[in-house]
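Visitor: Okay, here's the structure, questions in a sec.
The values are calculated or read from the model by the stated rules, or taken from the named source; none is laboratory data. Everything numeric here is computed off the predicted structure, so don't read it as measured data. With ideal geometry, Cβ positions are generated from the backbone for all residues, glycine too; neighbour counts draw on all protein chains shown. To get the accessible areas, we keep the full protein, side chains included, count just its heavy atoms, and leave off ligands, DNA and RNA. Shrake-Rupley method; radii C 1.70, N 1.55, O 1.52, S 1.80 Å.
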Amino acid sequence: MSLTPQYKKWLKAKFKNRILFDEPISLHTSFKTGGNADAYIYPKNTQEIVVLIKSAKKNNIPFFIKGGGTNLLVKDKGIRGVTIDLQKHLNKILIEKNSPQKVNIAAMAGAKIATLTRIALKYGLQGFEFAYGIPGTIGGAIYGNAGTKLGAVENILNNVDIIDQNGKMKKIEKKQIDFSYRKTSFQEHKQPIIIKSSLSLSIGEPNKVKKNAKQIIKDRKKNQPSTEYCAGCFFKNPAGKKSAGALIELAGLKGKILQGAAVSEKHANFIINRSNATAQQILNLAELVKNRVKEIFSIELQFEVKIVGE
Ligand SMILES: Cc1cc2nc3c(=O)[nH]c(=O)nc-3n(C[C@H](O)[C@H](O)[C@H](O)COP(=O)(O)OP(=O)(O)OC[C@H]3O[C@@H](n4cnc5c(N)ncnc54)[C@H](O)[C@@H]3O)c2cc1C
């Protein structure tokens with residue numbers, strides 16, 4: 001449902017210069033494509049989000065919570081209702097040493113993974129190796145249990161503060177969340193807004209931690225197209241020995257170009273926006289890949305990238 005003039009007026013009065021109407025989502029996602037967001041809002045604090053959620057619900061307006069936009073493909077007609085971005089104002093990170101071996105980190109959901117990586121390197125903290133080089137926010141990483149073969153968010157999370165779909169604040173302990181490969185139970189229910197998290201890292205030897213980080217980041221740069229417009233691995237790895245990337249490569253699709261989209265030459269599980277691809281063109285290539293892998297290996301690949309909007 002589109003925004004009514006009255007609701008737009010209310011939003012404008014409430015969020016002033018922190019709201020953008022008909023905002024091109026391509027400016028806010030790593031795929032650099034997709035339609036417009038009806039209203040794109042940077043809330044100043046938690047209380048504003050509660051008010052926004054309650055008013056959206058009352059007026060039957062859908063809302064969408066966006067992180068760094070690095071795991072998203074937004075369709076070409078864009079996102080109806082309100083899109084909420086926490087990156088500008090809900091991005092603080094606080095560290096507390098709570099034992100000689102461990103630190104507790106309170107990270108707001110809009111904080112960048114890269115910021116926490118810098119902190120971990122500065123203080124020689126261990127346990128965050130899996131996240132080195134992953135773009136996006138802490139909130140997005142928690143939602144998708146982001147990670148690599150070195151681990152995942154579930155390994156360091158203690159609890160999260162959320163706002164539910166009715167605008168109620170709750171604390172959710174780790175044991176209440178189901179985690180699996182690139183998945184959390186947050187994805188199965190009506191999506192809550194993750195506001196804040198408590199994470200634990202252990203204290204290591206700063207030089208060792210830095211040396212290790214250098215190697216991990218070097219390996220990522222070698223194996224992944226980190227400077228292209230993309231959203232990371234497009235497909236989840238299926239059960240079995242072969243990764244999605246290996247299957248796509250074996251299907252002869254590495255480097256395949258379709259309209260403005262391409263399968264990366266560097267890593268076959270990355271679909272890239274090579275020249276002003278529309279979201280539909282990226283989806284067309286993803287479907288082609290999916291169908292070809294199914295035909296050859298009888299394996300149904302699942303999207304890891306979240307497809308949103310209309
Ligand atoms: C070059 C590149 C490399 C990548 N490598 C990896 C990798 O190695 N491992 C990996 O796991 N991922 C990887 N990714 C994908 C992506 O960076 C991660 O999944 C990241 O955690 C997504 O976070 P985000 O903030 O960008 O979320 P977004 O893309 O903005 O959103 C993703 C989903 O999370 C939800 N969400 C975001 N914030 C919140 C919140 N506060 N509360 C509730 N829901 C929220 C959104 O609604 C959406 O459904 C890569 C991406 C790129 C572009």
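Visitor: For the subset of the range 27-67 comprising residues that are among the polar types (S, T, N, Q) and in contact with a helix residue (DSSP H, G or I) (Cβ under 9 Å, 6 or more places away or on another chain), which member is farthest from residue 136 (Cα to Cα)?
Guide: By that ranking, first place goes to 59.
Visitor: Taking the range 285-298, which residues are under 22 Å from the mean Cα position of the chain (by Cα) and without any contact (Cβ under 8 Å) to a residue 40 or more places away in the chain?
Guide: 285, 287
Visitor: Read through the list (1) without any contact (Cβ under 8 Å) to a residue 60 or more places away in the chain; (2) within 18 Å of the chain's Cα centre (by Cα); (3) more than 30 Å from residue 203 (Cβ to Cβ), then give the number of the only condition that residue 78 fails.
Guide: The number of the failed condition is (1).
Visitor: Here's something else I'd like to know. Could you tell me which numbered condition residue 66 fails, if it satisfies all but one of (1) within 13 Å of the ligand (Cβ to nearest atom); (2) open to solvent by 20 Å² or more (accessible area, probe 1.4 Å); (3) among the basic types (Lys, Arg)?
Guide: Among (1) within 13 Å of the ligand (Cβ to nearest atom); (2) open to solvent by 20 Å² or more (accessible area, probe 1.4 Å); (3) among the basic types (Lys, Arg), the lone unmet condition for residue 66 is (2).
Visitor: Moving on. When you check residue 117 against the structure, is it among the hydroxyl-bearing types (Ser, Thr, Tyr), crowded, with 18+ Cβ neighbours inside 10 Å and part of a helix (DSSP H, G or I), yes or no?
Guide: yes
Yes/no per residue for (1) loosely packed, with under 13 Cβ neighbours inside 10 Å; (2) over 29 Å from residue 278 (Cα atoms); (3) not aliphatic (A, V, I, L, M):
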site	(1), (2), (3)
174	no, yes, yes
190	yes, no, yes
196	no, yes, yes
207	yes, yes, yes
211	yes, yes, yes
216	no, yes, no
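Visitor: Let me ask you something else. Among the residues of the range 267-310, count how many are surrounded by fewer than 17 Cβ atoms within 10 Å (Cβ to Cβ) and within 15 Å of the ligand (Cβ to nearest atom).
Guide: Adding up the residues that qualify gives 4.
Visitor: Would you be able to tell me the number of residues in the range 275-310 that are hydrophobic (A, V, I, L, M, F, W, C) and farther than 23 Å from residue 64 by Cβ?
Guide: Qualifying residue count, the range 275-310: 8.
Visitor: If you take the residues of the range 200-249 that are of a type in the set (Ser, Thr, Tyr) and not in a loop (DSSP other than H, G, I, E, B), which of them is farthest from the ligand (Cβ to nearest atom)?
Guide: Applying the filter and picking the extreme gives 202.
Visitor: Which condition number in (1) surrounded by fewer than 17 Cβ atoms within 10 Å (Cβ to Cβ); (2) within 26 Å of residue 92 (Cα to Cα); (3) of a type in the set (Gly, Ala, Ser) is the one that residue 240 fails?
Guide: Every condition holds for residue 240 apart from (2).
Visitor: Among (1) buried (at least 22 other Cβ atoms within 10 Å of the Cβ); (2) without any contact (Cβ under 8 Å) to a residue 24 or more places away in the chain; (3) over 24 Å from residue 69 (Cα atoms), there is one condition residue 262 misses while meeting the rest; what is its number?
Guide: For residue 262, the failing item is (3).
Visitor: Here's another thing I want to ask about it. Suppose we filter 109, 56, 120 for residues that are in contact (Cβ under 8 Å) with a residue 24 or more places away in the chain, more than 13 Å from the ligand (Cβ to nearest atom) and in contact with a Gly (Cβ under 7 Å, 6 or more places away or on another chain); which single one remains? Steps first, please.
Guide: On the way: 109 fails: more than 13 Å from the ligand (Cβ to nearest atom); 120 fails: in contact with a Gly (Cβ under 7 Å, 6 or more places away or on another chain).
Step by step, each of 109, 56, 120 is checked, and only 56 is in contact (Cβ under 8 Å) with a residue 24 or more places away in the chain, more than 13 Å from the ligand (Cβ to nearest atom) and in contact with a Gly (Cβ under 7 Å, 6 or more places away or on another chain).
Visitor: Quick check on the range 11-19. Is at least one of its residues in a loop (DSSP other than H, G, I, E, B) and touching a residue at least 40 places away in the same chain (Cβ under 8 Å)? Show your work before the answer.
Guide: Pass one, the range 11-19, residues in a loop (DSSP other than H, G, I, E, B): none.
No, the range 11-19 has no match at all.
Visitor: Of everything in the range 69-107, what is of a type in the set (Val, Ile, Thr) and more than 16 Å from residue 197 (Cβ to Cβ)? Give them in sequence order.
Guide: 70, 74, 79, 82, 83, 84
Visitor: Okay, next question. Inside the range 141-172, can you point out the residues that are open to solvent by less than 20 Å² (accessible area, probe 1.4 Å), over 22 Å from residue 88 (Cα atoms) and either within 9 Å of the ligand (Cβ to nearest atom) or of a type in the set (S, T, N, Q) (or both)?
Guide: Once the filter is applied, which keeps residues that are open to solvent by less than 20 Å² (accessible area, probe 1.4 Å), over 22 Å from residue 88 (Cα atoms) and either within 9 Å of the ligand (Cβ to nearest atom) or of a type in the set (S, T, N, Q) (or both), the range 141-172 yields 145, 147, 152, 153.
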